[in-house]
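Below: the structure, in structure tokens.
The values are calculated or read from the model by the stated rules, or taken from the named source; none is laboratory data. Because the structure is a prediction, the values reported are computed rather than measured. Accessible surface areas use protein heavy atoms only, side chains included; no ligands, DNA or RNA. Shrake-Rupley method; radii C 1.70, N 1.55, O 1.52, S 1.80 Å.
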Amino acid sequence: MRITILRRLEALEEKYRSYEQKEWSSLRTARTYIWMIVLAYYLGDLRPEDDDPHSAYDRVVKLPRDHDFSDASIQKAGLEYRNRLNDAYCRFFAARGLDLDEAPLSALFNAFVISVDQLPDQWLSWLKSNLQSYCRNVMIAPGSNLPRQISSDNFLM
């Protein structure tokens, strides 16, 4: 009897871990899309006539186009990308009167939420469409433009 209960408990725990992993993966993807559109619009000169925010986002983080795919290059590019993304965050929050390193997370998160809410309808629609297509485990609350799971604890990448 005890072994059966333990097996059931292990199966439930495994199922929960699997669900949690899928949810976290979807949240990471959603956060990536949200930041891409926010940074592309506010820092990358994303225009209404653009079809896709990727090129504006690339302008923001200044991604190099010509790199090889060796392990060392990928690792260096990853570090370089994180540094460029951090610089973009700093510029984004500085434009809102906030210092990324000094401001409380709640103030940064509020500025982020307001910025998402002020995106033009075209880009909010693009964002919601991509979240619906690629982040099926992420739910957007009614009356909101952000997934329910995004909070001041996890909104930065």
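Ordering 43, 105, 85 from largest to smallest accessible area (1.4 angstrom probe), what's the sequence?
105, 43, 85
Report residue 82's accessible area, 1.4 Å probe, all protein chains in place, as a number in Å² to the nearest 10.
140
With every protein chain kept in the model, how would you rank 36, 157 by accessible area, 1.4 Å probe, largest at the top?
So, going from the largest accessible area down, we get 157, 36.
Measure off, as a whole percent, the carbon and sulfur share of the 1.4 Å-probe accessible area of the range 70-157, all protein chains present.
In the range 70-157, the share of accessible area belonging to carbon and sulfur is 50 percent.
With a 1.4 Å probe and every protein chain left in place, tell me how much accessible area residue 51 has, in Å² to the nearest 10.
Its accessible surface works out to 140 Å², give or take rounding.
Can you work out the Karplus-derived ³J(HN,Hα) for every residue in the range 131-146? Use 6.51 cos²θ - 1.76 cosθ + 1.60 with θ = phi - 60°, whole Hz, and x for glycine or proline.
5, 5, 6, 10, 10, 5, 8, 9, 9, 9, 5, x, x, 10, 10, 10
With every protein chain present, what is the per residue accessible area of the range 91-132 (1.4 Å probe, Å²)?
53
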